[in-house]
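Please treat every number below as a calculation from the coordinates, not as lab data. Predicted model only: the values in this text are computed from it and were never measured. In this analysis, Cβ positions are derived from the backbone assuming ideal geometry, glycine residues included, and neighbour counts consider all displayed protein chains.
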Amino acid sequence: MHWLTPYCAYNVFSRKQQPALRCAVRQDRPVPSFVQGETWEFGGTVWSEEPPTGFQPEAAQQAMLLTGYYLFHALQA
């Protein structure tokens with residue numbers, strides 16, 4: 001799979017104390033060490049072609065290149 005494939009799956013984690021704060025990680029990449037069960041919980045898998053509100057696929061691609069994860073704020077629909 002090419003690193004900048006426009007449509008790919010992301011595992012999304014929510015911060016327990018701030019549920020709108022999300023960390024998305026491509027399924028083919030390791031979860032960063034700061035995402036731990038005490039402070040984060042798995043929220044599901046999303047596809048970049050059908051992103052949740054607040055998720056920006058282009059920003060996610062760039063963040064994955066730079067840091068290996070994408071932090072975003074989930075917006076209420």
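For region 24-57, which positions are among the aromatic types (Phe, Trp, Tyr) and either in a loop (DSSP other than H, G, I, E, B) or farther than 14 Å from residue 9 by Cβ (or both)?
To start, the set of residues in region 24-57 that are among the aromatic types (Phe, Trp, Tyr) comprises 34, 40, 42, 47, 55.
Hits for region 24-57 are 34, 40, 55.
I'd like to check something: does region 24-44 contain any residue that is at positive phi, surrounded by fewer than 13 Cβ atoms within 10 Å (Cβ to Cβ) and of a type in the set (Gly, Ala, Ser)? Yes, the conditions are met somewhere in region 24-44.
Looking only at residues in region 60-77 that are among the aliphatic types (A, V, I, L, M) and exposed (fewer than 13 other Cβ atoms within 10 Å of the Cβ), which one is nearest to residue 8 (Cα to Cα)?
Initial filter on region 60-77 (among the aliphatic types (A, V, I, L, M)): 60, 63-66, 71, 74-75, 77.
So of that shortlist, the ones also exposed (fewer than 13 other Cβ atoms within 10 Å of the Cβ) come out as 65-66, 75, 77.
Working: 65: 14, 66: 17, 75: 21, 77: 23 Å.
It comes out as 65.
Within region 28-54, being of a type in the set (Asp, Glu) and out of contact with any helix residue (DSSP H, G or I) (no Cβ under 9 Å at 6 or more places or on another chain) holds for 28, 38, 41, 50.
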